[in-house]
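Everything below concerns the one structure shown next.
The values are calculated or read from the model by the stated rules, or taken from the named source; none is laboratory data. Bear in mind that the values here come from a model prediction, so they are computed numbers and not experimental data. Note that each Cβ is placed from the backbone with ideal geometry, even for glycine, and that neighbours are counted across all protein chains shown. Note: accessible area is taken over every heavy atom of the protein model, side chains too, but ligands, DNA and RNA are not part of it. Shrake-Rupley method; radii C 1.70, N 1.55, O 1.52, S 1.80 Å.
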Amino acid sequence: MKSILVTGATRGVGEALTLKFAQKGHVIYALARTRNQLNSLVEKCGADKVIPFEVDVSSKEQVEEATASIQREYGAPDVLINNAGVVENVSFAEQELEMIDRIVDVNLKGTLYVTRCIVPGMIARGSGRIINVSSVAGTRGIPGQAAYCASKFGMNGFADTLAQELLAKGILVTTICPGGIDTPLWDPEKNPYPGDKARIMKPEEIVDLIEYLIDQPEGTLYKKIVMFPTNEWH
Ligand SMILES: NC(=O)c1ccc[n+]([C@@H]2O[C@H](COP(=O)([O-])OP(=O)(O)OC[C@H]3O[C@@H](n4cnc5c(N)ncnc54)[C@H](OP(=O)(O)O)[C@@H]3O)[C@@H](O)[C@H]2O)c1
């Protein structure tokens, strides 16, 4: 059984990851901002399986406090899954500066903060896996998603460097770049999915891939995986 830190655990991909991995017997350190949704995960999975932390990953202080508390109590997690993310679909000329900050702070800086706080413990132990949930928006430009693309390209550049720095230390870094997944991120009012919703990927497909990755022997590195429904192309 593994200990797995999941950011953005309360909805969409992160919630599906938490439910499946807890059900398999792993222990999940679940990070997100919404207390009642964290509590509901604990109720569903059991307090011995889901340990909740009310954290905004864009806050250095909150990230430092939560990751220190996890590592003091339980040691560095076996697996870190950087999944928390926000998006907005609006042309760049109309993008609010506040929203640019929010997207970069959560998606990019949040990933860097959490990873920076966890990596030394993994290095000291000589093992670990880091899985970044990036996006196809980290592989090409997508109109309406300039700040989101910038944050996800940033994540991918970060991950490429990190994977090289950590390889010799026994830590494997994988970045997944998915296309459309059926989650609450696609708000029908504010951010409707532009394709055929019937063909969009299910969060469980990302969960199955991550489950496969963390069960693989350590002799092979899966560096970057790009996946999307067949009604999209990236
Ligand atoms: N859905 C897609 O089509 C798609 C495609 C490609 C990539 N992705 C990526 O997949 C990841 C998961 O997305 P999703 O579709 O599952 O989105 P979602 O359903 O909107 O869930 C996002 C999660 O991130 C958390 N979160 C947001 N801001 C946060 C913050 N400041 N601090 C901590 N947690 C925060 C949310 O929890 P709280 O609100 O409780 O904090 C929620 O649990 C994201 O990185 C996204 O960019 C999604």
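Yes or no, residue by residue, for (1) modelled with pLDDT under 95; (2) in contact with a strand residue (DSSP E or B) (Cβ under 7 Å, 6 or more places away or on another chain); (3) more than 8 Å from the ligand (Cβ to nearest atom); (4) more than 16 Å from I81 (Cα to Cα):
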position	(1), (2), (3), (4)
K152	no, no, no, no
A159	no, yes, yes, no
E165	no, no, yes, yes
T174	no, yes, yes, no
P184	no, no, no, yes
Y193	yes, no, no, yes
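Would it be correct to say that L17 is assigned to a helix (DSSP H, G or I), within 11 Å of the ligand (Cβ to nearest atom) and either hydroxyl-bearing (S, T, Y) or surrounded by 15 or more Cβ atoms within 10 Å (Cβ to Cβ) (or both)? Spelling it out, L17 is indeed assigned to a helix (DSSP H, G or I), within 11 Å of the ligand (Cβ to nearest atom) and either hydroxyl-bearing (S, T, Y) or surrounded by 15 or more Cβ atoms within 10 Å (Cβ to Cβ) (or both).
Is it fair to say E205 is within 23 Å of G25 (Cα to Cα), acidic (D, E) and modelled with pLDDT of 95 or more? Please lay out each step first, then the result.
On the way: within 23 Å of G25 (Cα to Cα): yes; acidic (D, E): yes; modelled with pLDDT of 95 or more: yes.
For E205, the condition - within 23 Å of G25 (Cα to Cα), acidic (D, E) and modelled with pLDDT of 95 or more - is met.
Filtering the stretch 113-144 to residues that are open to solvent by 30 Å² or more (accessible area, probe 1.4 Å) and either modelled with pLDDT under 95 or at positive phi (or both) leaves only G126. The residue that is least open to solvent (accessible area, probe 1.4 Å), counting only those in the stretch 43-93 that are in a helix (DSSP H, G or I) and polar (S, T, N, Q), is T67. Candidates are the residues of the stretch 153-171 that are farther than 14 Å from G126 by Cβ and of a type in the set (D, E, K, R); the one that is most open to solvent (accessible area, probe 1.4 Å) is E165. Of the residues T183, T175, the single one that is open to solvent by 10 Å² or more (accessible area, probe 1.4 Å), closer than 21 Å to I210 by Cβ and either in a helix (DSSP H, G or I) or touching a helix residue (DSSP H, G or I) at 6+ places or on another chain (Cβ under 9 Å) (or both) is T183.
In the set (1) within 13 Å of the ligand (Cβ to nearest atom); (2) open to solvent by 10 Å² or more (accessible area, probe 1.4 Å); (3) touching a residue at least 24 places away in the same chain (Cβ under 8 Å); (4) polar (S, T, N, Q), the condition left unmet by N36 is number (3).
Is there a residue in the stretch 97-112 that is away from the ligand (no atom under 16 Å from the Cβ), in contact (Cβ under 8 Å) with a residue 40 or more places away in the chain, of a type in the set (A, V, I, L, M) and buried (at least 16 other Cβ atoms within 10 Å of the Cβ)? It would help to see each step written out before you state the result.
Of all residues in the stretch 97-112, those away from the ligand (no atom under 16 Å from the Cβ) come to 97.
Keeping just the survivors that are in contact (Cβ under 8 Å) with a residue 40 or more places away in the chain gives none.
Within the stretch 97-112, none of the residues are away from the ligand (no atom under 16 Å from the Cβ), in contact (Cβ under 8 Å) with a residue 40 or more places away in the chain, of a type in the set (A, V, I, L, M) and buried (at least 16 other Cβ atoms within 10 Å of the Cβ).
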